[in-house]
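A quick write-up on the structure given underneath.
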Amino acid sequence: MSDLKFEQKRKLSRLEAADQLTAFADALRKGGDAELELGAGTLSLRLPDDLRSEIEVEVGDGEIELEIEFKWPTASARTASSRTVADTREPTARKSEPAKPRRSTTGTGGSERTKRPAKRTRKTS
């Protein structure tokens, strides 16, 4: 069962059909939120960058039927699928850089001190 279904059947001139297809093509080129004038109403859609399409032609009973269908996930399904893809991707290799020496602090003043080897004194006999 679908969440929403809109279906409109009406007679159009060839030019009206071309105008309707052109408006949808322009919305596809633009992407994002689109508003399409469909007869007496306006259809608002969010158009993603990637879609699935299906074109079907049937010839029979003295008519030709051409169906052009586009499918894409709803926003919630798209978010969930993009999370899945992101979770399964391998981490990107990074250029290794030499480790930077860490500085240690001692005392409460937070001043930095460098450890130096202890001086040896020679015994003279």
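The values are calculated or read from the model by the stated rules, or taken from the named source; none is laboratory data. Predicted model, so just to flag it, every value in this text is computed and none were measured. Here the Cβ positions follow ideal geometry from the backbone for every residue, glycine too, while neighbour counts run over all protein chains shown. Ligands, DNA and RNA are stripped out before the accessible areas are found, and what is left, the full protein with its side chains, is counted by its heavy atoms. Shrake-Rupley method; radii C 1.70, N 1.55, O 1.52, S 1.80 Å.
Brief remarks on what is shown
- Take the conditions (1) without any contact (Cβ under 8 Å) to a residue 12 or more places away in the chain; (2) over 22 Å from PRO73 (Cα atoms); (3) open to solvent by less than 100 Å² (accessible area, probe 1.4 Å); GLN20 misses just one of them, which is (1).
- Among the residues of segment 36-47, just one is exposed (fewer than 12 other Cβ atoms within 10 Å of the Cβ) and either within 17 Å of THR74 (Cβ to Cβ) or at pLDDT 90 or above (or both), namely SER44.
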